[in-house]
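Before any comments, here is the structure.
Only the coordinates and a few stated rules stand behind these numbers; no lab work does. This is a predicted model, so every value here is computed, not measured. Cβ coordinates were reconstructed from backbone atoms using ideal geometry, including for glycine residues, and neighbour counts include every protein chain displayed.
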Amino acid sequence: MHHGRKVKDWVAARSDRSQLFFLPNYSPDLNPDEYLNGDLKARLRNQSQSREKGRLKARALSIMRELQKKPEHIRSYFQPEAVQYAR
């Protein structure tokens, strides 16, 4: 996807503010999203005992809404040395 013409054009038009970083095919330690995923899973594990699909989804959305209000916590996902390229 990142190699597509539309993406290349979009980045080129914003080259003063944007840069693409190509990661190896499987590199969760280099991906800030994985820190969020791990955080979400841990919070679900600690707070939600229900495996019922609707309740699990509602709890996950609630956790994500809580995290939206904590930008300092989100910034912490970018602190590990492996993901500092994404700062």
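For every other residue with a beta carbon closer than 11 angstrom to the beta carbon of Ser76, add +1 if it is Lys or Arg and -1 if Asp or Glu, then tell me the sum.
0
Filter the GluC sites (Glu not before Pro) in segment 2-87 to those in DSSP coil with at most 16 other Cβ atoms within 10 Å of their Cβ, and list the result.
Passing both the DSSP loop test and the Cβ count: Glu52.
As a test of the formula, what do you get for the chain when each DSSP H run with n ≥ 4 contributes -39,500 (n - 2.57) and the sum is divided by the residue count, at 222 nm and rounded to the nearest 500 deg cm²/dmol?
For the chain, the value works out to -16500 deg cm²/dmol.
Below 23 Å Cα-Cα, how many Lys pairs turn up in the chain? Only count pairs eight or more apart in sequence, or on different chains, if you could.
Total qualifying Lys-Lys pairs in the chain comes to 6.
Taking the chain as a Gaussian network, where each spring joins two C-alpha atoms under 10 Å apart, which residue of Leu56, Leu40, Leu67 fluctuates the most?
Leu56
Tabulate in residue order the Karplus-calculated ³J(HN,Hα) for segment 26-42, using 6.51 cos²θ - 1.76 cosθ + 1.60 with θ = phi - 60°, rounded to whole Hz; enter x for Gly and Pro.
10, 8, x, 5, 9, 10, x, 4, 5, 5, 5, 4, x, 5, 4, 4, 5
Hey, any idea what the orientation-averaged projected area of the convex hull of the chain's Cα atoms comes to, in nm²?
Its average projected convex-hull area is 7.7 nm².
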